[in-house]
Amino acid sequence: MEKYLNRAIKSVITEFPKVGTILNDYEIGCVTCSVGTCLLKDIIEIHNVPKHIEAEMMKKIEAVIKGDDTAVEEAMEDLNIQAPREITYTEPIQRLVAEHTLIKRLLALIPDVCDSVNADLESNREVILKSVEFIRQFADKFHHAKEEDILFAYAKGNTDIISVMLEDHKKGRYYVKSVLLGLETGDASFITYSLKHYRELLTEHIKKEDEILYPWIEKGMTAAQIDELEIKFDETDLKFGNDFYDKWEDFVNSLEK
């Protein structure tokens, strides 16, 4: 079992597909992860799995690896998925989560925006341009910069999950460029395709950050580092101006109405 704990999770899942099923049952999305180089033993730490759940899950995984079909079947029958744990954050991390909430409000509007674009692109051109500006200014330049330039530097140990997040940021920028290309060419279907894929990407991305990445990074930080993080976030907020957040919240409010 030891050698499998020190193998990349994708390699383990390839050899033992049922391991992927078990991880999915515990809402650990290694199967669909675009990187998958985390070691099996690191998955437990990164996902901050409670000890009693860790023991239950590893028992199932070990049964799969040992080829004990009876134990696997019994384990899967006895699967007892716990209610999602309540996650609490320190003040600076809670600030990032609040920014996610505003971004998610825009994401929730994308299906309606797409319907409007398909019906009449020209009448909705300004809405698209303003939405792109929100994504570039608030979600990327402001929020993602806090993560990339400040928070991620505090990550310790296996940082493959950081690579996943950075790759998501790159994909998001690609979809935004595609939206603008669709506007230039007057291709409504390309605009809606890009917006829908951006929404799908960011929805999953935010979930991974709120539930996995943020708690994992926080767990490895000292109280002094948390204070330092808050100061750095304050400096970033000051740089963008006191009315920056309110401006973009007003935009989302207007779009919702």
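Each reported figure results from applying straightforward, stated rules to the coordinates on display, with no laboratory input. Because the structure is predicted, anything quoted here is derived from the model rather than measured. Neighbour counts run over all protein chains shown; Cβ positions are idealised from the backbone, glycine included.
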Distance in nm between residue 88 and residue 254 label points, each 7 Å along Cα→Cβ, equals 4.0
Computed on Cα atoms, Rg of the range 122-164 relative to 2.2 N^0.38 Å comes out at 1.66
Distance in nm between residue 190 and residue 54 label points, each 7 Å along Cα→Cβ, equals 5.0
Taking only the Cα positions of the range 91-256, the convex hull volume per residue in Å³ is 102
Here the range 206-221 yields Karplus 3J(HN,Hα) values (6.51, -1.76, 1.60; θ = phi - 60°; whole Hz; Gly and Pro given as x) of 5, 4, 4, 6, 5, 9, 10, 5, 4, x, 5, 5, 4, 4, x, 9
With label points set 7 Å from each Cα along the Cα-to-Cβ direction at residue 228 and residue 181, the distance between them in nm comes to 4.1
With R₀ set to 45 angstrom, the calculated FRET efficiency between the beta-carbons of residue 98 and residue 122, to the nearest 0.05, is 0.80
Rounded to the nearest Å, the spacing of the alpha-carbon centers of the range 1-28 and the range 96-148 is 36
With DSSP loop assignment and no more than 13 other C-beta atoms within 10 Å, the trypsin sites (Lys or Arg not before Pro) in the range 138-223 are 156
For the range 98-156, the Cα convex hull volume per residue in Å³ comes to 81
Per DSSP, the loop-located chymotrypsin sites (Phe, Trp or Tyr not before Pro) within the range 180-257 having at most 10 other beta carbons within 10 Å are none
